[in-house]
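Input: a single structure, listed below in structure tokens.
Derivation of every value follows stated rules applied to the coordinates shown; laboratory data play no part. Since the structure is predicted, the reported quantities are computational estimates derived from the model, not experimental observations. Cβ placement follows ideal geometry from the backbone for every residue including glycine, while neighbour counts extend to all protein chains displayed.
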Amino acid sequence: MRSLALLVLLLATPAPAQAPAPLVVFLGDSLTAGLGLAEAQAYPALVARELAAKGTPIRVVNAGVSGDTSAGGLRRADWVLKQKPQILVLALGANDGLRGVPVEDTEKNLRAIVAKGKAAGARVLFCGILVPTNYGPDYSKRFAEMFPRVARDTGVAFLPFLLEGVAGKPELNQRDGVHPNAKGQEILAKSMIQALQPLLSAP
């Protein structure tokens with residue numbers, strides 16, 4: 001009778017609720033949004049698919065907005081962080097550089113977004129970007145140096161160049177030569193996974 005009672009008790013006890021997969025929000029511009037491609041071809045979706053196949057499922061919010069700048073990202077940050085992501089991927093600044101926004105202004109905005117992410121309890125993965133010398137080599141140099149400085153000063157994880165292995169390769173970009181095609185997005189996803197995995201495995 002005791003064994004039967006124990007069996008009934010075990011069957012009646014609900015299984016513990018499984019913790020939801022960690023939420024990763026990608027705050028970016030057209031490179032993140034996957035301009036010219038289906039959303040499923042953009043690197044955030046590819047990252048989720050690949051990690052799920054490896055047994056590390058995540059939930060993804062693609063908060064990429066074409067044409068967005070660091071100032072626009074800062075205005076959107078509070079809304080994005082209301083979703084309480086475990087990880088915030090910050091991939092902004094390209095449009096600032098293409099428009100010649102003062103480096104000091106871009107840096108101030110990016111630092112503010114990082115601070116908001118950390119204050120909200122998210123681990124931040126900060127992505128660097130490079131720009132052509134349209135505004136002179138001095139601007140391009142100061143722009144490039146800004147990203148590692150922000151990462152170092154704020155102590156967040158850093159992906160030095162979002163477009164590593166893709167930029168400047170016609171076969172991996174769309175006709176505009178700027179936005180990755182589907183093949184290019186796959187390469188972005190591989191780099192992103194390598195950068196994300198330490199954050200996902202941290203306690």
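Below are the figures for this structure:
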{"read-out": "The chain, relative contact order in percent, only Cα pairs under 8 angstrom and at least six apart counted", "value": "21"}
{"read-out": "Stretchable slack from Y139 to A52, in nm (0.36 nm times residue separation minus alpha-carbon distance)", "value": "27.3 nm"}
{"read-out": "Unit charges on C-beta of K, R, D, E only; dipole of the chain, Debye", "value": "660"}
{"read-out": "Largest-first ellipsoid semi-axes for the range 46-97, taking √(5λ) over the Cα gyration tensor eigenvalues, angstrom", "value": "25, 14, 7"}
{"read-out": "Scaled radius of gyration (Cα, divided by 2.2 N^0.38 Å) that the range 21-201 gives", "value": "0.95"}
{"read-out": "Largest-first principal axis extents, alpha carbons of the range 73-170, Å", "value": "39, 27, 23"}
{"read-out": "Beta bridges by DSSP in the chain, antiparallel share as percent, to the nearest 5", "value": "5"}
{"read-out": "GNM result for the chain, Cα springs below 10 Å: residue of A52, A112, A182 fluctuating most strongly", "value": "A52"}
{"read-out": "CD proxy at 222 nm, helix term only [per DSSP H run n ≥ 4: -39500 (n - 2.57); per residue of the chain; nearest 500]", "value": "-15500 deg cm²/dmol"}
{"read-out": "Sites Q83 and E164 - FRET efficiency at Förster radius 35 Å, r taken between beta-carbons, to 0.05", "value": "0.80"}
{"read-out": "Relative contact order of the range 52-167, defined on C-alpha pairs under 8 angstrom at six or more residues apart (%)", "value": "26"}
{"read-out": "Highest-fluctuation residue, G93, G177, G73 considered, GNM on the chain with Cα pairs under 10 Å", "value": "G177"}
{"read-out": "Positive-pole candidate from T56, Y139, I129, dipole of the chain, charges at beta carbon", "value": "T56"}
{"read-out": "Cα-based reach from K54 at 23 Å (exclusive), listing lysines while leaving out same-chain residues under 8 positions away", "value": "K183, K190"}
